[in-house]
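Asker: Shown below is the structure under consideration.
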Amino acid sequence: MNYRHIFHAGNFADVLKHLVFRMVLSYLQQKEKGLFVLDAFAGLGCYDLTADQAQRTLEYQDGIARLMEAVVNNPDLKDFKAFAQESFTQHRYDGSPVLAAKMLRPQDRLIANELHPEDVVSLRRNLRAFDPVAVTQLDAYEAIRANIPPKERRGIVLIDPPFEKKDEFQLLVREMQEWQKRWATGCYILWYPIKSNQPIDDLYEAAAKLQVNRTWVVEYLLRERGVEQGLNGCGLLIFNTPFQIPERVDALVPELTGALGGKIRSFYLGSSTSA
């Protein structure tokens, strides 16, 4: 448990993850019925971009800072910029649990889970003003098993491990099978890093074999995926992807990559029919 996201908060990978997460959550909220949201690796919830750790890497300068400076016309990018503006002007960046908490309706419910003993204290502080929100301190995969299927039967599980474990991809393959058995209709958003020599194709193959409807992938590459050192890119693998999301993401790609650089590709794994 050495990973601290403050070093990377607001970078290009955060922008992609939180942009898509916000789009999915907003889409599902078009129906009046309540939603369940589980953030399995919640982190601090909100990040101080003036903190020493963030200043050491300055990754946010090539991520959220570039987007905030860019002139965009795409409605989803404009919406995300408007959402991030208040925090950014205060030199902060909202992580996924605070993003979700700010979007909650009275009928929705959020569980933010974080195992790190110091980070969970900050998470509780950053979420204390929001309701209905619960903070738990469990192993992330245990938290998922404990909370699915939710009573609402509608919702999102966000999974973005730090990938400190060498076998994290293999662990995800095993866990995905369990998720499919417990709650096959849930929307799962799985974030992963793209580095050289990682078994990403194995993850794709295992996800396709589950035959969950509308299993979709979007990848953001800053460098060729085989470059030997560093983070070359990241991806999101989504089960039960809501309608319109892939098309809307494709529509914003030119402006997003124009602001941040790199390239984005997206594709379906297996069936793309409705549930």
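Every number in this text was worked out from the coordinates using simple rules, so none of it is lab data. These numbers come from a predicted model, not from an experiment. Methodologically, a virtual Cβ is constructed for each residue, glycine included, from the backbone with ideal geometry; neighbour enumeration extends over all protein chains shown.
Asker: Name the residues whose placed amide hydrogens come within less than 5 Å of the amide hydrogen of residue 46, ignoring near sequence neighbours (fewer than 5 apart) on the same chain.
Answerer: Correct list: 95.
Asker: Using DSSP to define loop residues, name the GluC sites (Glu not before Pro) in segment 1-102 whose beta-carbon has at most 13 other beta-carbon atoms within 10 Å.
Answerer: 32
Asker: Now a separate question. Residue 56 to residue 174: extension gain in nm, 0.36 nm per residue of separation minus the Cα-Cα distance?
Answerer: 38.9 nm
Asker: Sum -39500 (n - 2.57) across every DSSP H segment of at least 4 residues in the chain, then divide by the residue count to get the 222 nm mean residue ellipticity, nearest 500.
Answerer: -12500 deg cm²/dmol
Asker: Among residues other than residue 172 whose Cβ falls under 12 Å from its Cβ, what is the net charge (Lys/Arg +1, Asp/Glu -1)?
Answerer: Net local charge, residue 172 excluded: -4.
Asker: What is the set of long-range amide H partners of residue 194 at a cut-off below 5 Å, with H atoms built 1.01 Å from backbone N?
Answerer: Under 5 Å from the amide H of residue 194 lie the amide H atoms of 232, 233, 234, 235, each far enough along the sequence or on another chain.
Asker: Right, next: Give the order of 176, 103 when sorted by the count of other beta carbons within 10 angstrom, beginning with the fewest.
Answerer: Going from least to most buried by this count: 103, 176.
Asker: Select from segment 1-50 those trypsin sites (Lys or Arg not before Pro) which occupy a DSSP coil region and have at most 10 other Cβ atoms within 10 Å, ordered by residue number.
Answerer: Loop-located and lightly packed - 31.
Asker: Subtract the Cα-Cα distance of residue 68 and residue 139 from 0.36 nm times their separation in residues, and report this length gain in nm to one decimal.
Answerer: Net length gain for the segment: 22.1 nm.
Asker: Which residues in segment 197-215 have a backbone N closer than 16 Å to a point placed 7 Å from the Cα of residue 166 along the Cα-to-Cβ line?
Answerer: Hits in segment 197-215 for residue 166 at 16 Å: 197-199.
Asker: With respect to the cross-link table entries 31/151; 166/195; 165/263; 17/102; 209/263; 17/181, which display a Cα-Cα separation exceeding 22 Å?
Answerer: From the list (31/151; 166/195; 165/263; 17/102; 209/263; 17/181), the Cα-Cα distance tops 22 Å for 165/263; 209/263; 17/181.
Asker: For a quick check of your reading of the filter: which chymotrypsin sites (Phe, Trp or Tyr not before Pro) in segment 198-263 sit in a DSSP loop and have no more than 16 other Cβ atoms within 10 Å?
Answerer: Hits after loop and neighbour filter: 243.
Asker: Does segment 11-268 come out rounded, prolate or oblate by the C-alpha gyration tensor, with a ≥ b ≥ c the root eigenvalues, rounded set by a/c under 1.5 and, if not, prolate when a/b is larger than b/c and oblate if not?
Answerer: Rounded shape, in that the Cα axes give a/c under 1.5.
Asker: Moving to a separate point now. So, in Å, what gap is there between the alpha-carbon centers of segment 37-57 and segment 111-176?
Answerer: 15 Å
Asker: Something else now. Which ³J(HN,Hα) values, rounded to whole Hz and listed in residue order, are derived for segment 19-31 from phi using the Karplus coefficients 6.51, -1.76 and 1.60 in 6.51 cos²θ - 1.76 cosθ + 1.60 with θ = phi - 60°, glycine and proline given as x?
Answerer: 4, 5, 4, 5, 4, 5, 4, 4, 5, 5, 7, 5, 8
Asker: Now a separate question. Tell me which aspartates and glutamates have Cα within less than 16 Å of residue 33's Cα, excluding those fewer than 8 residues away on the same chain?
Answerer: Within reach: 108, 152.
Asker: Less than 12 Å from a label point 7 Å out along the Cα-to-Cβ axis of residue 118: which backbone N atoms in segment 35-77 qualify, by residue?
Answerer: The answer is 52-53.
Asker: I would also like to ask the following. Can you spot the aspartates and glutamates whose alpha carbon is less than 14 Å from residue 81's alpha carbon? Ignore those fewer than 8 places along the same chain.
Answerer: List returned: 14, 69, 94, 255.
Asker: Using alpha-carbon pairs under 8 Å, 6+ residues apart, how would you state the relative contact order of segment 11-268 in percent?
Answerer: 22 percent
Asker: Separate question: Residues in segment 229-254 near a label at residue 263, defined as backbone nitrogen under 14 Å from the 7 Å Cα→Cβ point?
Answerer: Under 14 Å, as judged by backbone N against the label point of residue 263, lie 233, 254 of segment 229-254.
Asker: How do 210, 38, 44 line up, fewest other C-beta atoms within 10 Å first?
Answerer: 210, 44, 38
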